[in-house]
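**Student:** Shown below is the structure under consideration.
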Amino acid sequence: MKSPRSLVLITVDCLRADHAGFLGYERPTTPFLDSLAAEGLIFSNAIVAGAPTYFSFPAVMASRYPLSLGRDVVGLAPGEPTIATALNDVGHATAAFLAANPYLSPRFGYDAGFSVFKDFLDSESAPVTEISDRGRDATPLNRWNRRLAKVSHALGPVGMLYDELYFQYCQRLASAPALSLDQLRRFPAADVMVDHARDWLTGIRGQPFFLWLHLMDPHSPYYPRREALEMMGQHSPDAPRARYLNSYWNRGDLGTSRLQRHRKDVMALYDAGIRWVDAQVARLVETLRGLGVWENCVMALTADHGEEFLDHGGRYHPPSRVSEELVRVPLLLRAPGLTPGTVAAPFSLLHLAPTLLELVEAPVPGSFRGSSHAGPLAAGKSGESDAVVECISGCKNPFVVEDRLHARLLAVREARFKLVLDFNSPTKQEQLYDLDSDPGERRPLLPGAEKLVRRRLLDRARQHISDSVQSRDAGYRLSARLRDLRLATAMSAPSVGPPPLPLRLK
Ligand SMILES: [Zn+2]
């Protein structure tokens, strides 16, 4: 009898598509993944359903658009089916090792369906304390500094000079102790996740399984393993230098032109994070081969969103734009029987979960909004013609209710055209880009241009919002609201009532 297939899902935080070697990046960030890509499927236009993490993962794990339960619901709802619950239901062993992203925690429902769930959000992964604003404010000198900063900012260029001098002063102070990159790193590195995965895989030997790894190595602050810098063949910056670069990059008082000065160096640190992911995925695959389970294993590697390096004047990945460096991610799929190749059509990550379940021959939950592409992919066809991305404009902290109630930011991405709707901006509410002639999304088309295209994409956006409201599951929505209110009241009052039951109102 044929044994059930296993599934490995690797999600890498902040990994933009154009920094993967198998998608054309010129630096050697992914030599192992490039070799894996040669025997698998590469999606050159995989598009997230939302960004950042908290707006992306509902689609990855539960095949649902992030705002479809209401913009006040973040994460998965209690009782909502996911890849993990579906595979747990059919008897797979399930484990998740997630490198301390606070949005991928039981608080947001991501432990559902996992028998082993380790999110590393405990003391062992606590970051080394850096000189923070709060720390600086603690001394009379720094209180004085803050007052001086306020006054000097009113004086224009003098304010800028003050910022510069104060930054340099802090750096000299901060770089005094001989810290290592390992001490400065905020998140556990990929080798820690793979070590745990290897132990677990060895322990469940013989059982079909679902393993989910979430790796944070390319996430800011950028403190890669020293070995990864060496693998990239570059001069290794010491810890004070890496700290200087991270602090400089984080400055809020500098314009784009001054930030450009260190852009390349900061990006080199980011790239080394990707290189470390690559090396650790190689270790994981070696383990799977050693255990004799690789041949019967489906593996997908993707990201929850990209990262900006001043492409449009910004840094990191705030939900203030849905440009390609933020929403286009690598997707590498390896499954027995899939013909190697490249899928160039836009592929929404909404379809990833049902596709993976079909590839491991498990039932797809009826609540999944995406559809499996396993059949067309096996037949060498791609099929999907557009992808929708949605998030809440400027929602940097989903723990803050007001942040979650801002206007919607939405994009419809076709192979050539992309429509961006920002309901928050009176001047840039609707922008249409031709990615063939303008891949950098620098020049939105004039309002009168490409009227038929504009109409088609606007209609797709309207349809998306209408479907989103009409297909809303009241039971999941209420379960999630009850969970959030219970947590909110637990924080404000010492006594807590019984936990809410997952509701299924139909
Ligand atoms: Zn993320």
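**Student:** Suppose R0 equals 25 Å. What FRET efficiency, 1/(1 + (r/R0)^6) with r the Cβ-Cβ distance, do ALA488 and ARG462 give to the nearest 0.05?
**Tutor:** Step by step, r from the Cβ atoms, then E = 0.15.
**Student:** Want the number for TYR316 to ASP18: 0.36 nm per residue separation, take away the alpha-carbon distance, what's left?
**Tutor:** 105.8 nm
**Student:** For the pair THR339 and ARG205, what calculated FRET efficiency results from E = 1/(1 + (r/R0)^6), where r is the Cβ-Cβ distance and R0 = 30 Å, to the nearest 0.05?
**Tutor:** FRET efficiency, ARG205 to THR339: 0.50.
**Student:** How large, in percent, is the carbon and sulfur part of the accessible surface of the chain at a probe radius of 1.4 Å?
**Tutor:** 56
**Student:** Between SER180 and ARG472, what length comes free when the chain is fully extended (0.36 nm per residue of separation minus the Cα-Cα distance, one decimal in nm)?
**Tutor:** 100.2 nm
**Student:** Tabulate in residue order the Karplus-calculated ³J(HN,Hα) for the stretch 287-296, using 6.51 cos²θ - 1.76 cosθ + 1.60 with θ = phi - 60°, rounded to whole Hz; enter x for Gly and Pro.
**Tutor:** 4, 4, 5, x, 7, x, 10, 4, 5, 9
**Student:** Next question, about the same structure. Let me make sure I get this right: for the stretch 64-103, a, b and c are the square roots of the gyration tensor eigenvalues over alpha carbons, sorted descending. Under 1.5 in a/c it's rounded, otherwise prolate if a/b > b/c, else oblate. Which is it?
**Tutor:** oblate
**Student:** Please work out whether the stretch 342-483 counts as rounded, prolate or oblate from its C-alpha gyration tensor, where a ≥ b ≥ c are the square roots of the eigenvalues and a/c under 1.5 means rounded, while otherwise a/b larger than b/c means prolate and anything else oblate?
**Tutor:** oblate
**Student:** Still on this structure: Along the Cα-to-C-beta direction of VAL400, a point sits 7 Å from the Cα; which residues of the stretch 63-90 have their amide N less than 19 Å from that point?
**Tutor:** In the stretch 63-90, the label zone of VAL400 (backbone N under 19 Å from the point 7 Å along Cα→Cβ) covers 71-75.
**Student:** For the chain, what does the alpha-carbon gyration tensor say about shape, rounded, prolate or oblate, given a ≥ b ≥ c as the root eigenvalues, a/c under 1.5 as rounded, and a/b over b/c as prolate?
**Tutor:** Since a/c stays below 1.5, the shape of the chain is classed as rounded.
**Student:** Separate question: Can you list which of the GluC sites (Glu not before Pro) found in the stretch 347-445 are DSSP loop residues with at most 13 other C-beta atoms within 10 Å?
**Tutor:** Here the sparse-neighbourhood loop sites are GLU361.
**Student:** Can you give the % of DSSP beta bridges in the chain that are antiparallel, to the nearest 5?
**Tutor:** 50
**Student:** Please calculate how many Å² of accessible area the chain carries per residue, with a 1.4 Å probe and no DNA, RNA or ligand atoms counted.
**Tutor:** On a per-residue basis, 42 Å².
**Student:** List the trypsin sites (Lys or Arg not before Pro) within the stretch 354-419 that DSSP assigns to loop and that have no more than 15 neighbouring Cβ atoms inside 10 Å.
**Tutor:** LYS381, LYS396, ARG416
**Student:** Quick check: pseudo-label points 7 Å beyond the Cα along Cα→Cβ at THR427 and GLN260, how many nm apart are they?
**Tutor:** The modelled label-to-label distance comes out at 2.1 nm.
**Student:** Between ARG283 and GLU230, 0.36 nm times their residue separation minus their Cα-Cα distance comes to what?
**Tutor:** Here the answer is 17.3 nm.
**Student:** Could you calculate the FRET efficiency of VAL116 with LEU446 from 1/(1 + (r/R0)^6), where r is the beta carbon distance between them and R0 is 56 Å, rounded to 0.05?
**Tutor:** 0.55
**Student:** Run lengths n ≥ 4 of DSSP H only: what is the helix-derived mean residue ellipticity at 222 nm for the chain, with -39500 (n - 2.57) per run over all residues, to the nearest 500?
**Tutor:** Calculated from helices alone, the mean residue ellipticity at 222 nm is -11000 deg cm²/dmol.
**Student:** Report the relative contact order of the chain, percent, no decimals, based on alpha-carbon pairs under 8 angstrom and at least 6 residues apart.
**Tutor:** The value is 25 percent.
**Student:** Here's another thing I want to ask about it. Counting other Cβ atoms within 10 Å of each Cβ, which trypsin sites (Lys or Arg not before Pro) in the stretch 1-96 have at most 15 and sit in a DSSP loop?
**Tutor:** Those that pass, being in a loop and sparsely packed, are LYS2.
**Student:** Another question, then. Using the crude model of +1 on Lys and Arg Cβ and -1 on Asp and Glu Cβ, and no other charge, please compute the dipole size for the chain relative to its Cα centre, in debye to 20.
**Tutor:** Computed charge dipole of the chain: roughly 1140 debye.
**Student:** Testing the spin-label approximation: label points 7 Å from Cα along Cα→Cβ at SER437 and ARG251. State their distance in nm.
**Tutor:** Taking the simple label geometry, SER437 and ARG251 are separated by 3.9 nm.
The values are calculated or read from the model by the stated rules, or taken from the named source; none is laboratory data. Here the structure is a predicted model, which means the values were calculated and not measured. Cβ: placed from backbone, ideal geometry, glycine included. Neighbour counts: every protein chain shown. Keep in mind that these areas ignore ligands, DNA and RNA; they rest on the heavy atoms of the full protein, side chains included. Shrake-Rupley method; radii C 1.70, N 1.55, O 1.52, S 1.80 Å.
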